[in-house]
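First comes the structure, then the notes that go with it.
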Amino acid sequence: MLRAAHKTGLVIFPAFDWAISPTHPEREERLLYTQDQIFEEGLLDIQGIVEFKPTLAALEDVQRVHFCVPDERSVLTESHLISAGGAMTIAKAVMEHQIDRGFALVRPPGHHAMRVVHGARGFCNINIEAIMIEHLRAVYGVDRIAIVDTDCHHGDGTQDIYWHDPDTLFISIHQDGRTLYPGSGFHHELGGPTAMGTTINVPLPPRTSEEGFLRAMEKIVLPILEAFQPELIVNSAGQDNHYTDPITNMNFSAHGYATLTSMLRPHIAVLEGGYSIEGALPYVNVGIILAMAGLDYSKVKEPDYDPQRIRQPEETNAYIDRMAEELLGYWRRCPEFIAKNRATKEFAQRERTIYYDTDNILENQKERLRVCPVCSGVLSIDSLTDRGYHIYAVHIPRKACSDCVSLGYEWFDAVNGRSYDGVYLQDRTTNRYVMQKA
């Protein structure tokens, strides 16, 4: 009987009762074809590949990560809690050594959901990977975690949540933001003033194929992962880099995804995007599962696979080599940049406009960070939308020093609540969450 080299767990949750619309590309068929392929290939008959049923994430799991406006129930459904709960189920099984690795094949996706949530953007309401990771930290005490996002779209929500966290390495490999939603993820985006170097973006030109993706993995992703030394590696496994995907412009293949997975060796993979329902997802998912289990994936090929037809442009490798040299040059100097920030700044501010394309909401956000000489710094956010919601939120990070904890409570207590629709406090040192409505 075929036996997996690495005991691998699967959670499959198609979310039959949730869709943006019946004809929207993000719909339940994304997983139904994959589910059929898993049964047809007999993957669950292989010794060492086991299926788990998803649990339900609690609202307190969401509150470790997000400020939902006006509250959690207004911006999510039970399907979102099961999707996050499915990722948590796999993570729990890994932490308790029931399995070596696991893949949460769940929807709705989550990697475009930022810390503040007024609605859905990029088909995402809450960030399922971040909810899983902060659950692991709260329950199992895991500290250093790496997230490698291989969706074709920049994982701007996950980047936003971990922008100021030096213990979470976030790497996103995606189609160049000049040519695809959400228009961000450039290689100069390296993290906040006290966490520079723990956000890494690898924007690839349209039509990059397996050759280019694996080159970027070898030259950029793996050396940075090796230097960071994470306790856990999480793969945000978006599959819309595939050459048949209807809403992107890349030339990746199922075999390429499987090879990338074998190079990355993630403990946990969580499904993100991918909208070629019949042509890509069943093959890509089977390839990833076999690679995670340490089984032969060389026969995984799409019926129309033709490497000559999807060859990348000749200049792509040279582009990746130049980017690798420049990006690694910046990254090596990040400790120097952090020291300079701490020596020269007391506070740092950034102002952004965020568009929620799914729900058509425009948000203006003003963020203020204490550039702390000891910890990553307490953070406040003033957020106003064109729907009229105006909130103020304070985030005290998990390893905040006593001065930052005191300052966070000082900001929260001093704010004039009558000027806002809601005032929020997220204290990760004690897992305390407070929301006060006007």
remark   = Any aspartates and glutamates whose Cα falls less than 18 Å from that of K340, other than same-chain ones fewer than 8 residues away, would be D165, E189
ask   = About its Cα centre, how strong a charge dipole does the range 346-437 have in debye, to the nearest 20, once Lys and Arg get +1 and Asp and Glu get -1 at the Cβ?
value = 260
Euclidean distance between Cα centres, the range 266-305 to the range 14-64, Å = 14
note = Note on the range 3-321: alpha-carbon gyration tensor, axes a ≥ b ≥ c; rule is a/c under 1.5 for rounded, else prolate if a/b larger than b/c, else oblate; result rounded
request  = Would you mind counting up the charge near Y305? Only other residues with Cβ under 15 Å from its Cβ, with Lys and Arg at +1 and Asp and Glu at -1.
outcome  = -3
Charge tally in the Cβ shell below 11 Å around P373, where Lys, Arg are +1 and Asp, Glu are -1, P373 excluded = +1
inquiry  = Can you tell me the convex hull volume per residue for the range 146-231, based on C-alpha atoms, in Å³ to the nearest whole number?
reply    = 84
ask   = Can you put R207, R342, R428, R352 in order of accessible area, largest first, using a 1.4 Å probe?
value = R207, R342, R352, R428
query = Angle between the Cα long axis of helix 29-40 and the longest principal axis of the chain, 0 to 90 degrees, nearest 10?
reply = 40
remark   = Order by accessible surface, 1.4 Å probe, largest leading, for residues S402, S298, S209 comes to S402, S298, S209
remark   = The simple spin-label model distance between V139 and N364, using points 7 Å out along Cα→Cβ, in nm, is 4.2
task = Have a look at T8, H80, L369 and report the one farthest towards the positive end of the charge dipole of the chain, computed about the Cα centre with Cβ charges (Lys/Arg +1, Asp/Glu -1).
result = L369
ask   = In terms of the Cα gyration tensor, with a ≥ b ≥ c the square roots of its eigenvalues, is the range 242-286 rounded because a/c is under 1.5, prolate because a/b exceeds b/c, or oblate?
value = prolate
message = Given a 1.4 angstrom probe, I'd like the percentage of the accessible area of the range 346-437 that is carbon and sulfur, rounded to a whole number.
response = 44
query = How much of F52 can a 1.4 Å solvent probe reach, expressed as accessible area in Å² and rounded to 10?
reply = 40
inquiry  = If you fit an axis through the alpha-carbon atoms of helix 78-95 and take the longest principal axis of the Cα set of the chain, what angle between them do you get, 0 to 90°, nearest 10?
reply    = 80
remark   = Relative contact order in percent for the chain (Cα pairs under 8 Å, 6+ apart) equals 14
note = So, with points 7 Å from each Cα along the Cβ direction, the R322-E29 label distance in nm works out to 4.1
task = May I have the convex hull volume per residue, in Å³, for the Cα set of the range 1-57?
result = 101
request  = Determine the percent antiparallel among the DSSP beta bridges restricted to the chain, to the nearest 5.
outcome  = 40
message = Quick one: the Cα spread of the range 56-159 along its three principal axes, in angstroms, biggest first?
response = 38, 30, 23
note = Rounded to a whole %, the carbon-and-sulfur portion of the accessible area of the range 3-321 at a 1.4 Å probe is 49
note = Ranking L295, Q349, L264 by how far each Cα lies towards the positive end of the charge dipole of the range 240-374 (+1 on Lys and Arg Cβ, -1 on Asp and Glu Cβ), the top one is Q349
ask   = For the chain, with only Lys/Arg (+1) and Asp/Glu (-1) charged at the beta-carbon, what is the dipole magnitude about the Cα centre, in debye rounded to 20?
value = 1080
inquiry  = Which entries of K345/K366; K53/K219; K219/K366; K92/K299; K219/K345 have Cα-Cα distances beyond 26 Å here?
reply    = K53/K219; K219/K366; K92/K299; K219/K345
task = Give me the net charge of G9's neighbourhood, meaning all other residues with Cβ under 12 Å from the Cβ of G9; Lys, Arg count +1, Asp, Glu -1.
result = +1
note = For the chain, the longest principal axis of the Cα atoms and the Cα long axis of helix 402-414 enclose an angle in degrees, to the nearest 10, of 70
message = Suppose all protein chains stay in the model; what accessible area per residue would a 1.4 Å probe give for the chain, in Å²?
response = 39
message = On the principal axes of its Cα set, how long, how wide and how thick is the range 346-437? Give whole Å, largest value first.
response = 39, 24, 21
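The values are calculated or read from the model by the stated rules, or taken from the named source; none is laboratory data. Predicted model, so just to flag it, every value in this text is computed and none were measured. Note that we place each Cβ from the backbone using ideal geometry, even for glycine, and neighbour counts take in every protein chain shown. These area figures cover heavy atoms from the full protein model, side chains too; ligands, DNA and RNA do not enter into them. Shrake-Rupley method; radii C 1.70, N 1.55, O 1.52, S 1.80 Å.
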